[in-house]
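The values are calculated or read from the model by the stated rules, or taken from the named source; none is laboratory data. Since this is a predicted model, take the numbers as computed values, not measurements. When we count neighbours, we look across all protein chains shown, and the Cβ atoms used for this are built from the backbone with ideal geometry, even at glycine. For accessibility, only protein heavy atoms count, side chains too; no ligands or nucleic acids. Shrake-Rupley method; radii C 1.70, N 1.55, O 1.52, S 1.80 Å.
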Amino acid sequence: MAILRIRTYPDPILRRRTKPVRAFDLKLRELVRDLFETMYQRNGLGLAANQVGVDAQVCVVDLRDGRLPPYAFINPAITARSREGIVDEEGCLSFPGYFDRVRRSRRVTVRYQDLNGEVREVELVDLAARAVQHELDHLCGVVFVQRMAVPRRLRFRIARLLGRAKFPS
Ligand code: ZN
């Protein structure tokens with residue numbers, strides 16, 4: 001197992017769409033294990049492969065609330081979402097120290113493959129739904145600032161100008 005280096009904004013890999021996984025092999029298992037390990041070490045709720053420099057549609061989510069299991073999503077896609085949205089505070093391991101409010105669907109259905117390549121589907125709600133939407137965005141090269149309302153995106157730009165050191169390239 002290994003703790004991987006997390007890429008921070010504005011690393012260009014965060015803005016690129018990742019490639020689908022074809023081989024459900026030992027390398028994939030190792031990647032998933034390392035993603036969990038790195039996420040736990042940094043106290044995150046989710047982590048996507050491109051955040052550690054790997055171009056693959058793989059992400060992990062674990063709320064550690066004692067109710068939901070840890071999830072490893074391979075080649076995930078959202079197949080349904082509630083019209084109802086919730087605006088809440090969000091952070092990202094690739095934006096250390098930056099938090100702001102983002103609107104997300106309250107409920108989503110995710111179709112994905114597990115480590116054996118089996119297709120599965122899960123319906124998630126509230127914080128789990130938020131985490132999975134955030135991670136799936138990463139796999140599409142979308143970061144959470146892009147999901148913010150315009151005034152908050154501006155706030156981010158200003159914060160970045162004032163505190164550039166926070167986001168080394
Ligand atoms: Zn993130």
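What the table shows:
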item	result
Candidates L136, L26, L124, ranked by Gaussian network fluctuation over the chain, Cα under 10 Å, top entry	L26
In order through the range 33-48: 3J(HN,Hα) via Karplus (6.51 cos²θ - 1.76 cosθ + 1.60), integer Hz, x for Gly, Pro	4, 5, 5, 4, 4, 5, 5, 5, 4, 9, 6, x, 9, x, 7, 10
³J(HN,Hα), Karplus 6.51/-1.76/1.60, whole Hz, each residue of the range 80-89, x for Gly, Pro	7, 9, 6, 6, 5, x, 10, 9, 8, 6
Full-stretch length increase - E89, R120 - with 0.36 nm per residue and alpha-carbon distance subtracted	8.3 nm
Per residue, the convex hull volume that the Cα atoms of the chain enclose (Å³)	108 Å³
Residue-level accessible surface for R15, protein heavy atoms, 1.4 Å, Å²	120 Å²
For the range 134-146, 3J(HN,Hα) per residue [Karplus equation, 6.51 cos²θ - 1.76 cosθ + 1.60, θ = phi - 60°, Hz, x = Gly/Pro]	4, 5, 5, 4, 3, 5, 9, x, 10, 9, 5, 4, 5
Cα centroid separation - the range 1-73 against the range 82-158, whole Å	14 Å
Cα Rg, Dmax (largest Cα-Cα span) when computed across the range 83-169, Å	15.0, 47
Computed FRET value (nearest 0.05) for I3 with F99, which takes r as the C-beta separation and R₀ as 22 Å	0.45
For the chain, built as a Gaussian network whose Cα springs stay under 10 Å, the top-fluctuating residue of E89, E123, E135	E89
Rounded to 10°, Cα long-axis angle of helix 150-162 versus longest principal axis of the chain	70 degrees
Extension gain, R155 back to R81 (0.36 nm per residue minus Cα-Cα distance, nm)	23.8 nm
Residues with amide H under 5 Å from that of L4, placed H, sequence gap 5 or more	T38
Heavy atoms of Y40: accessible area, 1.4 Å probe, square angstrom to 10	80 Å²
Cα→Cβ-extended label distance, 7 Å offset, between R106 and D25, nm	4.5 nm
Fluctuation leader among A56, A149, A131 - the chain, Gaussian network, Cα springs under 10 angstrom	A149
Probe 1.4 Å, protein heavy atoms only - accessible area per residue of the chain in square angstrom	55 Å²
Check: the chain dipole with +1 on Lys, Arg Cβ and -1 on Asp, Glu Cβ, in debye	820 debye
Whole-number percent relative contact order across the range 12-161, with pairs defined as alpha carbons under 8 Å at least 6 apart	25 percent
Surface share of carbon and sulfur [accessible, 1.4 angstrom probe, percent] for the chain	50 percent
